[in-house]
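Comments concern the structure below.
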Amino acid sequence: MELYQGPLDTKKIFSRWLDEQLTSNYGAYIPFVGIIRAEDGIEALSFDIYEPILQKWFDEWQARAIQRGAIVKMAHSIGDVPVHTSSYASAVFSPKRRVALELIEEFVEDFKANAPIWKYDVKNGKRIYAEDRSTPMDGAGLLA
Amino acid sequence: MVIVEFLGPIGKAPIQIEANTLADVSAKLKEDAELTGWLEKCAVAINDSMVSDLSVSLKEGDRVSILPPVCGG
């Protein structure tokens, strides 16, 4: 798992991940990239991350992937990421395509639901919590 | 004493409270008007492990994290 201040250099990251696995004999490599869209007058999105729990979340996914003969990769931005740049990159390598296709969907969807990352719209230089697009994590409401 | 920290957009400094279980933490946090509306949406971790049981016992120095709704990507 890789965290970066500001936008991701996705071409470099995807290229390096591919190079790192060149001789691993995986037959499928499925990258996914999240790009910041210009909408609702935002200049950028901004992200807070709680790394210790994100790392555990990622490590659990890696263990699940390995059980299926695959591996997962992930990179995410911290702080401001301007529109038309990228904040999130992930990928799956697997021996054959079917596992990679299934795993990339499960991995990205659970990332959206349970990775401890908080998103803010940036408008006129101010950060506004994207509450309406955020999802309570599994187990939310325990203390209510 | 245990430390309670509020992550992401909650925007509240960490506090120290006396608590033997998460139920004690819940009772204490409900007294705080700043947290009204947050608790029902927040998940909880103890020492960076997610938890789902109020009866979990706490020991001196444990760190309880309050995690509001997330949106990565």
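For this structure, a couple of remarks:
- Residue within the stretch B:6-29 that is of a type outside the set (D, E, K, R) and in contact with an Asp or Glu (Cβ under 6 Å, 6 or more places away or on another chain) present: yes
- Restricting attention to the stretch A:9-50, the residues that are in contact (Cβ under 8 Å) with a residue 24 or more places away in the chain, among the aliphatic types (A, V, I, L, M) and more than 12 Å from A:Thr85 (Cβ to Cβ) total 5.
- One residue stands out among those in the stretch A:125-144 that are touching a residue at least 60 places away in the same chain (Cβ under 8 Å) and either within 20 Å of B:Asp48 (Cβ to Cβ) or in a loop (DSSP other than H, G, I, E, B) (or both): the one that is farthest from the chain's Cα centre (by Cα), which is A:Gly125.
- One residue from A:Val108, A:Val81, A:Val72, A:Val92 being outside any helix (DSSP H, G or I), farther than 22 Å from A:Thr23 by Cβ and β-branched (Val, Ile, Thr): A:Val81
- Residue in the stretch A:92-108 that is of a type in the set (Asp, Glu), under 13 Å from the mean Cα position of the chain (by Cα), at pLDDT 95 or above and more than 24 Å from B:Lys41 (Cα to Cα) present: yes
- Total residues in the stretch B:37-73, condition under 26 Å from A:Arg133 (Cβ atoms) and either more than 10 Å from every other protein chain (Cβ to nearest Cβ) or of a type outside the set (Ser, Thr, Tyr) (or both): 20
- Selection over the stretch A:18-50 of residues that are away from every other protein chain (no Cβ under 14 Å), part of a loop (DSSP other than H, G, I, E, B) and not acidic (Asp, Glu) gives a count of 9.
The values are calculated or read from the model by the stated rules, or taken from the named source; none is laboratory data. Owing to the predicted nature of the structure, the values given are computational and were not obtained by experimental measurement. Note that each Cβ is placed from the backbone with ideal geometry, even for glycine, and that neighbours are counted across all protein chains shown.
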